[in-house]
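Worksheet for the structure shown next.
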Amino acid sequence: MRPSHRGSGPSRRHFALALPSALLTAGCAAPHRGTGRPGDPIVLTLLSHYTSGELKEALQSPVDEWNASHDRVKVRTEAVEFTDLLTTFMVRQAAGQGADILHPYCLWNGQLVQAGVLRPAPPEHAEEIRRGYGAAAVRSASIEGRIYGYPTEVQTYALYYNRRLLREAGITRPPRTWRELEETAHRTAVRDRYGNTLIQGFGLSTYDDSTTVGQTLALLNAAGGTFVSADGRSTAIDSPAGRAVFDLEHRLVAEGASAPGINVYKAFASGQVAMVISAGWWTANLKSLMGKAYRDVGVAPVPVPRIGDTNATLSTGFMLGVNAAARHPREAWDFLRWLNTDRTGAGRTAQHTTATRMSSLQVSVGSLTGRADDMHVLLGRGGDPNLRPFLDALAYSVPEPNGPGAQQAKSLLRKNIEALWTGQQSVDEALRTTRRQVDQEVSRSW
């Protein structure tokens with residue numbers, strides 16, 4: 001469910017057109033969609049990355065419910081691995097075989113809109129989305145103010161910490177400011193006599209986007225900065241806020257509190273990392289991996305530079321939208337409204353309140369949606385308290401910029417962050433190089 005382990009994906013509008021014809025046909029047999037005549041229902045295809053047993057079953061359950069109660073319109077799910085999802089969207093579209101309903105990572109929305117893959121939401125659906133979801137989720141599902149789909153999972157970032165490791169270092173609460181973050185990182189870090197890292201105080205990691213770019217942008221937002229300018233045509237990383245973040249991370253590595261070569265996912269779960277900033281999807285994974293040791297895990301808001309600063313963090317997400325080439329768009333939007341806005345008894349409490357099917361689906365697999373009211377209902381039923389900080393962050397999170405060059409810009413940022421962490425670039429060099437490379441990408445005439 002997370003935007004990690006994610007390849008850069010195609011970064012040009014006509015990427016698919018340059019692929020070998022064998023790729024265009026492989027695995028792309030045109031799905032049967034029906035005519036809508038009596039006895040021959042319309043069959044809509046929904047393509048997502050929900051390939052694992054838990055995720056696949058969670059999505060299939062409401063789809064089966066729909067199919068059992070609707071005779072004229074049926075829905076069939078398809079799934080590919082996340083690393084293949086963007087390429088699959090583009091390839092199938094170029095071949096005229098795109099799915100009717102798409103479940104993209106919102107970072108790709110600008111690229112998909114520019115390539116003519118996504119259809120804008122009809123006015124009545126757009127209004128429902130504006131009214132029902134938090135601002136960050138709506139912005140993630142929008143390009144230049146136009147909404148293109150219903151937000152599904154929304155991932156906000158917060159600070160995970162190991163209570164036991166903090167307690168053993170004489171620290172009684174998680175850090176609230178960057179100064180406290182640095183002090184806690186140094187006090188909890190442990191190295192052997194040869195200088196090998198035994199415990200990272202703060203888990204910087206070059207392992208994937210989520211721990212390289214994700215936590216850097218969460219800290220940048222907490223400092224009041226942004227990665228890309230408001231008009232989407234230049235980077236804003238080379239700013240006082242951006243410099244402060246790069247300085248902080250450089251110090252943590254240079255002074256031995258962080259060791260970026262470590263796989264932070266394994267290391268935190270095994271008690272070898274005291275703190276790390278990551279997204280809410282991780283709670284379910286940690287609970288499964290750590291067993292009883294999960295009781296040592298706490299979650300707190302991303303620290304801010306100084307006491308009194310306003311909280312802010314990063315949010316990422318997915319949405320369900322309709323293909324611009326879909327033959328039955330009205331029916332597709334009707335299904336999406338049913339899935340994402342109709343309320344059922346799945347979230348029933350003593351007050352008989354209800355939640356949407358999509359929110360119930362996401363909470364069942366340890367995730368959140370951008371519907372804060374649903375989340376309060378569902379998490380109020382005894383859910384993991386470590387999800388609460390992520391829920392609170394829905395109100396102040398900042399979504400990833402999602403213009404046409406967003407995926408490539410993110411890849412360039414990651415490359416320069418890693419060069420900073422590994423000593424290949426100074427703070428000044430990393431900021432200058434990021435600005436030059438990302439400016440070139442996002443200002444491109446698409």
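The values are calculated or read from the model by the stated rules, or taken from the named source; none is laboratory data. Quantities reported herein were computed from a predicted structural model and do not represent experimental measurements. For neighbour counting, all protein chains shown are included, and Cβ atoms are generated from backbone atoms with ideal geometry for every residue, glycine included. The protein model used for the area step is the full one, side chains on, heavy atoms only, and it has no ligands, DNA or RNA in it. Shrake-Rupley method; radii C 1.70, N 1.55, O 1.52, S 1.80 Å.
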- Task: Please determine, by comparing only the residues of segment 170-189 that are closer than 23 Å to His250 by Cα and either of a type in the set (Gly, Ala, Ser) or in a loop (DSSP other than H, G, I, E, B) (or both), which one is most open to solvent (accessible area, probe 1.4 Å).
- Result: Arg176
- Leading residue by the ranking (nearest to Pro303 (Cα to Cα)) among those in segment 190-216 that are open to solvent by 10 Å² or more (accessible area, probe 1.4 Å) and among the aliphatic types (A, V, I, L, M): Ile199
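Could you tell me which of the residues Ala115, Ala121 is of a type in the set (A, V, I, L, M), over 20 Å from the mean Cα position of the chain (by Cα), crowded, with 19+ Cβ neighbours inside 10 Å and within 30 Å of Ala355 (Cα to Cα)?
Testing whether each residue is of a type in the set (A, V, I, L, M), over 20 Å from the mean Cα position of the chain (by Cα), crowded, with 19+ Cβ neighbours inside 10 Å and within 30 Å of Ala355 (Cα to Cα) leaves just Ala121.
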- Of Ala126, Ala137, Ala94, the only residue that is touching a Leu at 6+ places or on another chain (Cβ under 9 Å), crowded, with 18+ Cβ neighbours inside 10 Å and either more than 20 Å from Gly405 (Cβ to Cβ) or among the aromatic types (Phe, Trp, Tyr) (or both) is Ala137
- Message: Can you go through Gly232, Gly271, Gly280 and tell me which one is surrounded by fewer than 20 Cβ atoms within 10 Å (Cβ to Cβ) and modelled with pLDDT under 95?
- Response: Gly232
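Does segment 247-256 contain at least one residue that is small (Gly, Ala, Ser) and outside any helix (DSSP H, G or I)?
Yes, segment 247-256 has at least one match.
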- If the Cβ limit is 7 Å and pairs must be 6+ apart or interchain, which residue in segment 361-381 that is in contact (Cβ under 8 Å) with a residue 40 or more places away in the chain pairs with which residue that is aromatic (Phe, Trp, Tyr) and open to solvent by less than 40 Å² (accessible area, probe 1.4 Å)? Gly366/Trp281; Ser367/Trp281; Leu368/Phe390; Gly370/Tyr133; Arg371/Tyr133
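For segment 45-59, enumerate the residues that are of a type in the set (S, T, N, Q) and either open to solvent by 50 Å² or more (accessible area, probe 1.4 Å) or modelled with pLDDT under 95 (or both).
Just the residues of segment 45-59 that are of a type in the set (S, T, N, Q), to begin with: 45, 48, 51-52.
Across segment 45-59, the qualifying residues are Thr51, Ser52.
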- The correct count of residues that are small (Gly, Ala, Ser), in contact with a Ser or Thr (Cβ under 7 Å, 6 or more places away or on another chain) and surrounded by fewer than 24 Cβ atoms within 10 Å (Cβ to Cβ) in segment 396-445 is 2
- Pairs under 6 Å by beta carbon, first residue modelled with pLDDT of 95 or more and of a type in the set (Val, Ile, Thr) in segment 137-150, partner part of a loop (DSSP other than H, G, I, E, B) and surrounded by 24 or more Cβ atoms within 10 Å (Cβ to Cβ), six or more apart or different chains? Ile147/Ala121; Ile147/Ala141
- Query: Do any residues in segment 305-317 that are exposed (fewer than 11 other Cβ atoms within 10 Å of the Cβ) have Cβ atoms under 8 Å from those of residues that are modelled with pLDDT of 95 or more and among the aliphatic types (A, V, I, L, M), where the two are at least six apart or on different chains, and which pairs are they?
  - Reply: Thr310/Val304
